[in-house]
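Inspection log for the structure reproduced underneath, given as structure tokens.
The values are calculated or read from the model by the stated rules, or taken from the named source; none is laboratory data. Note that this is a predicted model, so its numbers are computed, not measured. FYI the Cβ positions are ideal-geometry reconstructions off the backbone, even for glycines, and counts take in every protein chain you see. To get the accessible areas, we keep the full protein, side chains included, count just its heavy atoms, and leave off ligands, DNA and RNA. Shrake-Rupley method; radii C 1.70, N 1.55, O 1.52, S 1.80 Å.
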Amino acid sequence: MFFHFQQIAIRPYSPKGLSFAIPIMAEILSDFAGRCLSKLLSFVEGEATKILGVKDDLKKLQRRLLRVRGVLEDAEKKRHGSAEINAWVREMKDIMYDVEDLLDLFKTKAENLWVSHYSPLPSASDFSCLPLARQIANKVREVNDRLDDISEDRHVMSRLHEIDPSIQESGINTRDTSPLLIQSDIVGTQIKEVSESLVKSLITERDEGWKIFGIVGMGGIGKTTLARNVYNDSRIHDFFPMKTWLCVSKRFSGNELLKELIRSFGGDHGEARSKAELELKLSHLLPKKFFIVLDDLWNANVWEDLLRAPFKCSSGGILITTRDERVARQIGASSIHCVEKMDKLTSWMLLSTMVSRDGEDEDLCQLEAIGGEIVKKCDGLPLAIKTVAGVLRSKERCEKEWNKVLESEIWSMNQLQEELPRALYLSYEDLPSHLKQCFLFCSLYPENHIMHYQDLTRFWIAEGFVKPQGDRLLEDLAEGYYEELLGRNLLQMYAMYLGNSGCTMHGLLRSLAVYLVEEESVSISNGERLERQNSLTKIRHLSVSNMGEEVAVPEEVASQNCLRTLLVSNSFKTKRIGADLFEKLGQLRVLCIDDTEIDRIPDSLGNLIQLRYLDLDRTNVQSLPESIGCLRNLETLNLQSCRFLHYLPDAITKLQNLRCLRVAETPLNHLPKGIGNLTKINHLDGFLIGHERDTQSQVEDCALDDLQSLNDLRFLHLAALKRACRGSLALANKTLLKHLFLNWLPPCVEADLTWCGNQVAEALAKGFSGLFPPSSLECFPEEECHRNVRLFNELSLPSSLELLSIYHFLGQELPKCMDRCMPMAFPNLQFLFLHCFISCTQLPVLGQLPQLKFLSIARAEAIVTIGPELLCGQSPSTTLAAFPKLEYLVFSIMPNWEQWSFGETKTAITHELKLLPSLKRLLLIDCPKLKALPDGLHHATNLQELWINGAHELGAVKNLPSLTTELFLEDNKKLEKVSNLPMLKSLIVGSCPLLKRVDSLSALEMLELRHNSSWRLPESWWNPSLRHLSLDSQEGPLPVWLPETA
């Protein structure tokens, strides 16, 4: 895995408002039963079933599962279940787990028997089959008996079949909202700025027709409050002759919704009953122009099936709120605002407003420190803050009482009002069953943990949550699940990761998930006792942090022999695996022991025959046992950055079900010949070409041509291309390939930091050690440079690429794959890394790549000038934009780069070429000779962040009217002026000794001064917009420019 877990405390979670959710596992359980039935169908008529003599027992099991599944489907509709039904559901799920374990064991053992001893299959009279046959038959009969017992519980079964007219179909009261604005809800600048932007967009004159705006976010984050603020703005009232508010909610009646609209426009539906009659009456009532809010929209059909037809003769503005971004896009929203969590200051403002009483402001000021800790636990969710405020209002206004709230069980929501858990549960309830399982699995991660999509999706595949669909790869389907959970705001995108690759889970959503998994998933710290309310539920998933020196599990878990998932985290001092641990974990599917000091894997690893996912990243393992070849179900093997691992056993070529092998940054001498025969591999990170020739051993290694049979590759990282004899067409037919990394050198464990210009460059080099290999690139012989150019020119890259990374191209002219035809050659390319192009004097034409979002150029040491050829070549462009979708642009470690120009007068103005219209972040790191930013940078109208570090010749940063969020300036020795940045909110300055003039920063809210010990803040200085000032060890006077920032 990519990141560490943190220690978490387990608290019972029994929300008052979730009494309706007792049998929530029923829907997942029905899906589980369906999965078992699918496996049974493939076994019952199989040859192995006949030979082992268990066909009749398996058919009996099949019949029972079919009958029980029908009962489970009834249970799905029950939302007000009793504790008795809850216990029945728990027991049924436990049986389903055991059924699947049994079927997987049967499949694996039978396959091992045939592969190891027989060809062709043995006959039924072969006595060597009898032990396996008896084992399987006994287990099947035991499961059948358990199913008989639970099916004969007449009291529970009769309760499940009862029809209770008092239970609503949804089990949840229909949510209703109104446009009435509570002014105390409007706190902070965030909501005011967004409201202002939305109002201005809505009242801007435009052509006839509808302009649709979307407000998107998780439940309780303040979508309705924002919509109310817009709806009640006086400018909306003046601009639109009529306006109305409609709360659609999750389960709506189309006809009732049309009737409500007719009433809101002053009409009477009269005798109209059908949809057609109601639509006709509504269309006659509608004014030519009006404004409507559709609050709490769950389905785009409201617009498509009900409102589009009657609205077609009118125009105006539509504002929708929804939890699902896909709904806003399906309706055709031209602008979508994703509501962000409140910052800490705004959270405290809301809390203090909600709990304040006349004359008690002074008391609240004294409680601000504790209040800050309380709102921190609410994690920026307004509904949570309001709910906690309701608790605080009933308490005495003193530190003792507020500390009790801070330290109480309230954060497991067992004392909160019903509104919050119900609001969150609605989003969960709306998920299909397979997504529910994926969402609940995330509860194994601690709060605020950053989850990487590659880990999550492969976990879900290993656990069997991903449903096969024809010929589509499971990984593609799992990524679709991930994107849907992001779109529904049940997972939150982590902004520091590119391409939605990282996410977090809101703490309150995680608390909900912890409750819903009903003790079958547990997270503990080493030495912590398992405190479980229901000992009948077996623990299937376990996360342990701070493990200690030896990997072990609680005896209660080991004795059950049912554990499917073991995640070890924050265990950096763990050195060994318990001698008999693997013998107790025969059902294990997922094992993560990454980021430990474990140096030896016991031979008993081969006992984990059900293992699908094995993560040993960043451990001290020196070798893998040959018994790894017994893991015939293994799908993912992670061995990244294992610095003491130099060889892989030949037995790894027996892993016919392997789908993912990650060995990048591990100093292997070679990969065993035969990796190319593992045809299910679709993720190969660190395919090492050839062999280190300083060894006398005679081994077979891998060549480029070994990739020919791997037709499902989606991700490929090639290392040590220098050892390839020739280029290959092996990549040309990889039509599914999305991510491709090409490294000329073998992996290096440590970077040579002597080539770095400053500390930031050193940090970059440590993270990307390939930028600075221990042997200097300048030392390559001329013959190797020629081979490098020839091989890159011979490679044929597929057009399906979305990410391309090239390290160490040694030629003076660009490789053929980077020529002028790039837009046609790479129409889907979104991420491009060009690192260590040390001899190239000119960059390729990149500005016309239609989908490019991220561009990083590093160690292009021969580059002196970057001009308009980067945008569109030597000829003027006939397109409308250069870099139309580029959001991130990074130039790093460019020691000779002096001039940067877009050729503004010839290209941008004469031909009206839009420059960088989508650019959000620009980073310039260790570019010591760069003299000026290009004049055309002011065309980047969406620029949010600009980082400049180590640009010692740069004299000024000026005239960037669109730069909004942050300007970071550090270690720029000749920087003298920062000017005309009217939208900038945050300025961070460090080690810029000649900076004397900073002006026209009228919107500045945050100023941070670093490493400037000669500066001191003058008493007379004041800036009306500044909210935060940070001084790092200031002892002398501050520069004369400081008062001018206002």
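For region 555-634, just say rounded, prolate or oblate: build the C-alpha gyration tensor, square-root its eigenvalues into a ≥ b ≥ c, call rounded for a/c under 1.5, and beyond that prolate if a/b exceeds b/c, oblate if not. Because a/c hits 1.5 or more and a/b fails to exceed b/c, region 555-634 counts as oblate.
Within a straight-line Cα-Cα reach of under 16 Å, residue 996 can be paired with the following lysines, leaving aside sequence neighbours fewer than 8 residues apart in one chain: 958, 973, 974, 977. The stretch between residue 138 and residue 794, if pulled fully straight at 0.36 nm per residue, gains 230.1 nm over its current Cα-Cα span. Legend: residues 989, 194, sorted from most to least accessible area (1.4 Å probe; ligands, DNA and RNA excluded), read 194, 989. What percentage of all Cα-Cα pairs in region 952-1006 are separated by more than 12 Å? When all Cα pairs of region 952-1006 are counted, 60 percent exceed 12 Å. By a 1.4 Å probe calculation restricted to protein chains, residue 69 has an accessible surface near 80 Å², given to the nearest 10.
Bridgeable lysines around residue 673 (alpha carbons under 17 Å apart, same-chain partners fewer than 8 residues away excluded): 654. Each peptide in 364-376, 484-496 was scored by the mean count of other Cβ atoms within 10 Å over its residues; highest first, the order is 484-496, 364-376. The listed residues 673, 250, once ranked by accessible area (1.4 Å probe) with the largest placed first, stand as 673, 250. Of the listed residues 178, 523, the order by accessible area with a 1.4 Å probe, largest first, is 178, 523.
Would you work out what percent of the accessible area of region 880-999, with all protein chains in place, is carbon or sulfur (probe 1.4 Å)? Carbon with sulfur: 53 percent of the solvent-accessible area. In this structure the amide hydrogen of residue 215, modeled in the peptide plane, comes within under 5 Å of the amide hydrogens of 320, 321, 322, 337, none closer than 5 places in sequence on its chain. Spatially close Lys pairs in region 246-371, defined by Cα atoms under 28 Å apart and a spacing of eight or more places or different chains, total 18. Could you tell me which of rounded, prolate or oblate describes region 228-278, using a ≥ b ≥ c as the square roots of the eigenvalues of the alpha-carbon gyration tensor, with rounded for a/c under 1.5 and, failing that, prolate when a/b is larger than b/c and oblate otherwise? Taking the square roots of the gyration eigenvalues as a ≥ b ≥ c, region 228-278 is oblate. A simple rule links phi to the HN-Hα coupling: the Karplus curve 6.51 cos²θ - 1.76 cosθ + 1.60 with θ = phi - 60°, which for region 273-287 gives 10, 7, 4, 5, 5, 5, 4, 5, 5, 5, 4, 6, 8, 5, x Hz, with x for Gly and Pro. As a size descriptor, the averaged projected area of the C-alpha convex hull of region 294-366 was calculated at 7.6 nm². Phi-derived couplings, Karplus 6.51 cos²θ - 1.76 cosθ + 1.60 at θ = phi - 60°, listed residue by residue for region 576-587: 8, 10, x, 4, 10, 4, 5, 6, 9, 10, x, 9 Hz, with x used for Gly and Pro.
Loop-located chymotrypsin sites (Phe, Trp or Tyr not before Pro) in region 536-625 (DSSP state other than H, G, I, E, B) with a sparse environment of at most 10 neighbouring Cβ atoms within 10 Å are absent. Is the shape of region 789-891 best called rounded, prolate or oblate, per the rule: a/c under 1.5 gives rounded, else a/b larger than b/c gives prolate, else oblate, with a ≥ b ≥ c the square roots of the Cα gyration tensor eigenvalues? It comes out rounded by the Cα gyration axes. Can you pick out the pairs among 436/467; 223/386; 139/436 whose Cα atoms lie more than 18 Å from each other? Among 436/467; 223/386; 139/436, the Cα-Cα distance tops 18 Å for 139/436. Extension gain for the segment residue 37 to residue 828, taken as residue separation times 0.36 nm less the Cα-Cα distance, is 280.7 nm to one decimal.
Accessible area of residue 971 (1.4 Å probe, protein heavy atoms only, ligands and nucleic acids ignored): about 30 Å².
Heavy-atom accessible surface of residue 149, to the nearest 10 Å², is about 100 Å², with a 1.4 Å probe and all protein chains retained.
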